[in-house]
Amino acid sequence: MKPYTIIRCCRRKTMQTMGVLCVLGASFVTPACAGMFSITPVRVYMAPRDRATAITVTNEGDEQLVMQADLYQWKQKPGGEEDLVLTEDLFLSPPIIKLAANSRQVVRLAMMHPPLQGRELTYRMIVREIPEARPPKEGAVVQIALAFSIPVFITPPGAKAKLDCIVERSSANTVKAVCENSGAAHTHPVALVLTNSSGERIASEDSGAYILPDIKRSFDLTRKDGKIPAGKAKLNVSFADGTAQSYDVSIAE
């Protein structure tokens, strides 16, 4: 997904309370909506010289939306699990977003302090609807909230990811690709494909996982039609920015 792709999130009419979290294009709801909003960009990229950037939120529904934004320092635990801590490193204006039906609001995100040199800083902006702020309807007893999360990257010049991957056998038809980012910036693999020495596809796995600096993550690649043969192979990794990298690997018996 390109940096300025629009992401749309919907509020469904259901018989129970529901929270919808839209993260980087992954929608957990069906197209049938009672309300809808869109946001652009879905990822924020800043350089140290950029003091501020703009994010546009559009209410495409026929009801008012009131949303609250919070900023988190975004890290990952050793296995890749998310680790979010509220931060004041960035300033968001306005923090409360009030959107009339079919209207839009520009939100400005600014850095409070110059970032450290040589290493990327990563944050997430999470905006949640305040359903209680919507006027109550006669007979309505269900409160349904919308939310979205946007990654924010502040990348100094020269900071790059450095991803190394190996393959370990897990079972007869499954191998585990273990990938470690030893660089100074994030990387975002979107697909991993295992091929044999003849270039034939053996197994593959789609991924939406970010790998932040100094983090190691693993991905299971399963062959659906039999055992993955032992011997030399190639692991081909495609990234969200359109680049790709291949690794010579050896698969044990």
So, in segment 157-173, how many residues would count as being surrounded by fewer than 15 Cβ atoms within 10 Å (Cβ to Cβ) and in contact with a His (Cβ under 9 Å, 6 or more places away or on another chain)? 0
Just to be sure, is residue 175 β-branched (Val, Ile, Thr), at pLDDT 95 or above and within 24 Å of residue 242 (Cα to Cα)? no
When segment 114-137 is examined, which residues are found to be at pLDDT 75 or above and hydrophobic (A, V, I, L, M, F, W, C)? 121, 125, 126, 127, 130
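The values are calculated or read from the model by the stated rules, or taken from the named source; none is laboratory data. Because the structure is predicted, anything quoted here is derived from the model rather than measured. Neighbour counts run over all protein chains shown; Cβ positions are idealised from the backbone, glycine included.
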